[in-house]
Amino acid sequence: MGMTFLVVGAAFLLSWIPAFIVYLVIRRRFAGDRIITCPENGEAQAVRVDAGHAAATSLGGAPQLRLEWCSRWPEKRDCGQECLAQIDSSPDGCLVRTRLETWYSGARCCLCGDGFGRIQWFDRKPGLRTPDGRAMSWDEIPAEHLPEILSTHRPLCFNCLVAETFRRRFPDRLVEDPLRAATTERRGPRSAA
């Protein structure tokens, strides 16, 4: 009798593994900030889908989308969320990470000239350079400004971002190599071989 309950219990738990895997896949698909065009004002806004809700409702059919956060909240929290149609039609296309990967693909660092391979978003995030020459991290930029930023700023590799940030924060600890500066001026930015 005890062995029967153990076998039935184990079978019950194992039957939920596919549902759990589907839940995790759908949750990952809808996680992350997205840029949409607000139907109310026609401007770019940042939104975040409630990925847990979308994943849970997908177990019974099509995922039901709702916003977890929007850059226009709390003032417009009670909007009709018509922007979800944009996410539903292209879940990956409006994802901030996808737009940035597209922007960096084929680009070269504006300082050293190195190309960008696969972007490592967790430990070696590239940055960007403002029109006035300041290095910035993506953490400093609100997602809703992404379309404007991509048209005015230039890509910066992780190594140059770290070097320029150090140069800005600790100018008194910096020693320039005059021979390297003279060589760089003659050759221009390094080209990828």
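One table, with the values for the structure above:
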item: Subset of region 95-112 (residues that are open to solvent by less than 50 Å² (accessible area, probe 1.4 Å) and in contact with a Cys (Cβ under 9 Å, 6 or more places away or on another chain)); result: Cys109, Cys110, Cys112
item: Region 125-138 residues that are within 12 Å of Arg167 (Cβ to Cβ), paired with ones that are surrounded by fewer than 17 Cβ atoms within 10 Å (Cβ to Cβ) and among the charged types (D, E, K, R) (beta carbon under 8 Å, 6 or more apart); result: Arg134/Arg168; Ala135/Arg168
item: Failed criterion for Thr184 (all others in (1) surrounded by 12 or more Cβ atoms within 10 Å (Cβ to Cβ); (2) at pLDDT 85 or above hold); result: (2)
item: Selection count, region 121-140, where residues are open to solvent by less than 90 Å² (accessible area, probe 1.4 Å), part of a loop (DSSP other than H, G, I, E, B) and either basic (Lys, Arg) or touching a Cys at 6+ places or on another chain (Cβ under 9 Å) (or both); result: 2
item: Lone unmet requirement of (1) modelled with pLDDT of 85 or more; (2) farther than 26 Å from Gln45 by Cα for Arg134; result: (2)
item: Test set (1) without any contact (Cβ under 8 Å) to a residue 24 or more places away in the chain; (2) closer than 30 Å to Glu40 by Cα; (3) touching a Leu at 6+ places or on another chain (Cβ under 9 Å) - Leu146 fails condition number; result: (1)
item: Residue count for region 64-79, restricted to those that are in contact (Cβ under 8 Å) with a residue 12 or more places away in the chain and over 15 Å from Asp50 (Cα atoms); result: 3
item: Residue check, Thr98 in a helix (DSSP H, G or I) and within 30 Å of Thr152 (Cα to Cα); result: yes
item: One residue from Glu144, Glu164 being at pLDDT 90 or above, of a type in the set (Asp, Glu), surrounded by 18 or more Cβ atoms within 10 Å (Cβ to Cβ) and touching a strand residue (DSSP E or B) at 6+ places or on another chain (Cβ under 7 Å); result: Glu164
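The values are calculated or read from the model by the stated rules, or taken from the named source; none is laboratory data. Being a predicted model, the structure only gives us computed values, none of them experimental. Neighbour counts run over all protein chains shown; Cβ positions are idealised from the backbone, glycine included. Side chains included, ligands, DNA and RNA excluded: accessible areas come from the protein's heavy atoms. Shrake-Rupley method; radii C 1.70, N 1.55, O 1.52, S 1.80 Å.
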